[in-house]
1. Would you work out the charge dipole size for the stretch A:30-159 about its Cα centre, treating the Cβ of every Lys and Arg as +1 and the Cβ of every Asp and Glu as -1, and quote it to the nearest 20 debye?
2. How much length is gained on full extension from residue A:426 to residue A:199, taking 0.36 nm per residue of separation minus their Cα-Cα distance?
3. From the phi angles alone, apply the Karplus equation (6.51, -1.76, 1.60; θ = phi - 60°) to the stretch A:330-340 and give each ³J(HN,Hα) in whole Hz, x where the residue is Gly or Pro.
4. Roughly how crowded by other chains is peptide A:64-73, in terms of the mean Cβ count from those chains within 10 Å of each of its Cβ atoms?
5. In a shell of Cβ-Cβ distance under 9 Å around residue A:30, excluding residue A:30 itself, what net charge do Lys and Arg (+1) and Asp and Glu (-1) give?
6. Count of lysine pairs in the stretch A:30-159 with Cα atoms under 22 Å apart, counting only pairs 8 or more residues apart in sequence or on different chains?
7. Let me spell out the model: positive unit charges on the Cβ of Lys and Arg, negative unit charges on the Cβ of Asp and Glu, origin at the Cα centre of chain A. What dipole size does that give, in debye rounded to 20?
8. Could you give each residue of the stretch A:90-96 its phi-based ³J(HN,Hα) in whole Hz, using Karplus coefficients 6.51, -1.76, 1.60 with θ = phi - 60°, and x for Gly or Pro?
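Quick note: the coordinates plus some simple rules give every number you see, no bench work behind them. What you are looking at is a predicted structure, and each value in this text was computed from that prediction instead of being measured. Every residue, glycine among them, receives a Cβ derived from its backbone with ideal geometry; neighbour counts consider all protein chains shown.
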Amino acid sequence: MVVALLAVFTAISSAQDWIRTGTGLGVERVRLAAADFKASNSDPNNVNLLKTFNDVLWNDLDNAGIFDLVSKSFYPLQEPGQPSEINFSAWNSPPPNTSMLAFGNLGVAGGKVTVQGWLYDVKNEKSPQVLGKQYSDNATSDAVRVIAHRFADEIIFRLGGGVNGIAETKIYFVSERTGHKEIWMMDYDGANQQQVTHLGSISLSPRISPDGSRLAFSAINKGGWEIMMYSFDLNRIVAFPRFGGMNLSPSWSPDGKIAFSSSRNGYPNIFVVDPSGGNSHRLTEGKGPDVSPSWNRKTGSQIAFVSGRTGLPQIYTMESDGTNLQRLTDQGYAVSPNWSPNGQFLTLSWMRKYGGGEPGSNDLYLMDIASKQWVQLTHDAGRNDFPCWSPDGRHIVFQSHRTGSDQIFSMLADGTNVKQLTFKGANTQPNWSWK
Amino acid sequence: MAASTDTGIGMYDADIYSEHAQLRRPLAWSFGLHVAFAAFVVLYATYIQGFRGSGWGSGGTGDAMGATLVSSVPLPANPEPTTNVLATESKGLSKSQPAVEEKEPDAIPIPDKNTKVKPKPVISATKRKAEPEPPETNQIPYGEGGPVSGPYTMTAGGAKGGFGFTGSGGDFGSRYAWYVEAVQRKVTENWLKYEVDPGIREASRVYLTFDIGRDGHPSNIQMEQPSNVPSLNQSALRALQRIDTFGPLPSDYSGSKVSVEFWFDYKR
């Protein structure tokens with residue numbers, strides 16, 4: 001008996017190891033110090049821009065999930081603004097004891113801001129430079145934010161094994177703050193919130209195309225629920241076929257096809273159409289209802305979706321031609337599947353115990369497709385729904401009711417580092433851009 | 001035994017009976033212990049087992065498949081070694097004090113004249129010998145020492161691996177230590193230990209070689225020397241095949257590729 005129990009525990013602990021490795025988190029983090037950038041001249045505008053720059057850079061690096069950022073209180077008093085000002089031994093030994101150091105300077109001259117930034121491997125005094133960059137733009141707070149995002153992404157790209165950072169990515173979501181449910185967009189950190197649609201009806205399920213040029217969503221209009229298409233090249237809604245019946249929850253494949261749920265034949269089933277809306281064909285059949293398709297973002301050869309064919313909604317997967325149907329969840333109430341960028345995981349919203357007297361709540365889970373093993377990501381924090389992966393596969397954005405109203409949050413893919421992104425009105429159904 | 005009893009039945013009657021009498025006590029003990037053990041088994045199965053329910057640890061029984069519970073808590077914090085003595089989990093950096101033996105003040109040991117064991121001399125704390133060093137944990141102290149130098153090693157859940165880099169000038173590893181570390185992290189995070197046969201406890205070393213092109217794409221992945229466990233060989237190959245890119249080679253590096261030799265040991 002004792003032997004058997006030990007075996008079970010070993011299996012559980014080693015299972016955790018691989019989920020951590022699979023998400024790209026949990027391996028040893030790089031110890032990184034980010035010294036405040038210095039002013040390179042005495043222009044009075046430097047102070048405010050430097051504060052913006054330093055805050056944005058620090059937040060981006062902190063959010064990346066791959067760094068162990070050295071607290072600024074450990075830094076030497078003399079922080080460098082130029083490579084010649086570096087005192088290696090002050091940085092590579094305790095208290096900072098860092099292996100990487102980001103530093104640089106910023107200066108405004110003639111309405112233009114110039115930023116020089118470096119990344120040094122301070123444990124390697126012979127050839128320390130990993131990165132050296134210079135940026136120039138108009139001396140505005142917005143431009144400095146973009147420069148800080150770009151520099152942070154460069155650092156994350158180099159030290160994160162060639163995975164692009166997400167500092168310049170966008171999140172699309174539904175907001176009710178104008179009185180109608182409209183599609184909005186914002187930076188990944190919640191800044192720059194802007195309204196996209198102005199339909200004055202109800203718009204749901206925003207899904208940005210892989211190239212970022214078009215946004216598919218479902219909206220109610222004269223004919224009922226239809227798939228709509230917004231073009232960021234033209235900054236307006238563009239024509240897309242009307243299918244009839246109720247058309248909901250579009251999803252883009254990596255090569256630009258769109259899967260969605262349509263009841264044009266009577267029951268809600270999953271359909272696939274070309275980017276233009278043509279060549280429509282049905283993938284599932286029966287009463288369903290089958291909704292919320294999500295493509296395998298790496299291969300584009302599989303689709304996960306929600307089906308109520310056995311009663312309560314459960315998550316299923318199938319090949320992109322509708323064959324090889326498999327059920328992933330075995331109990332409760334499971335909705336909102338979203339496929340990870342590496343094709344290995346699904347994240348979903350799951351009420352594992354559902355029914356009268358059951359103390360279940362909607363929580364987010366991460367499921368390994370191959371083994372069907374899962375981990376719970378949120379705990380005791382209201383209703384959580386609509387998880388969506390970031391393009392780097394290290395973050396998840398989701399909707400949560402933990403503050404008393406529906407708001408959008410982001411977290412690392414292991415459930416840590418939860419950050420609230422929206423505060424105004426009710427905000428739901430986030431969707432992270434592909435790059 | 002039976003034969004000797006037959007032959008000696010007339011002569012050793014009394015002895016046989018006395019032997020029977022000698023057996024009675026152990027038999028009683030034996031019977032008593034068996035009853036106690038049976039009672040323990042019944043109690044254990046009824047009470048302790050009963051709390052778990054039938055499905056404990058076995059996942060669901062859905063008709064399609066069972067999802068298996070991994071953990072009720074999310075991913076635990078990364079046990080990073082730290083130089084902070086108060087926060088470290090490393091066995092080497094802080095040692096617990098030996099527990100102080102408490103003696104009852106009034107208890108005086110009764111001297112036994114027959115004893116041959118001499119009382120142990122009391123060793124004062126200052127004279128105590130140093131405790132033996134704890135065995136190596138295969139872990140590189142994090143953030144200590146200077147720039148890394150080859151051969152690079154990595155650990156991943158009981159396995160240990162290493163790298164050798166061959167650039168054009170031969171000093172790739174010392175010039176671009178940060179790149180080597182990024183490669184090492186990438187392989188670690190893509191190596192899924194559950195692909196290895198769970199029955200394997202130890203395997204011989206696997207050697208793989210691959211090239212990294214300027215764009216960071218691994219190519220020419222070859223198994224130089226397989227281990228004696230096929231599933232380990234497969235998982236090592238797949239770890240590398242799963243990687244799209246390690247990130248472009250450093251821009252001031254002149255070569256068109258670097259060759260990497262990569263090995264790892266597996267121990268569960």
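1. 160
2. 80.0 nm
3. Result, rounded to whole Hz: 10, 6, x, 10, 10, 9, 6, x, 9, 8, 6.
4. 1
5. The answer is 0.
6. 10
7. On the way: 38 positive and 39 negative charges, 152 e Å.
Roughly 740 debye, rounded to the nearest 20.
8. 6, 9, 8, 10, x, x, x
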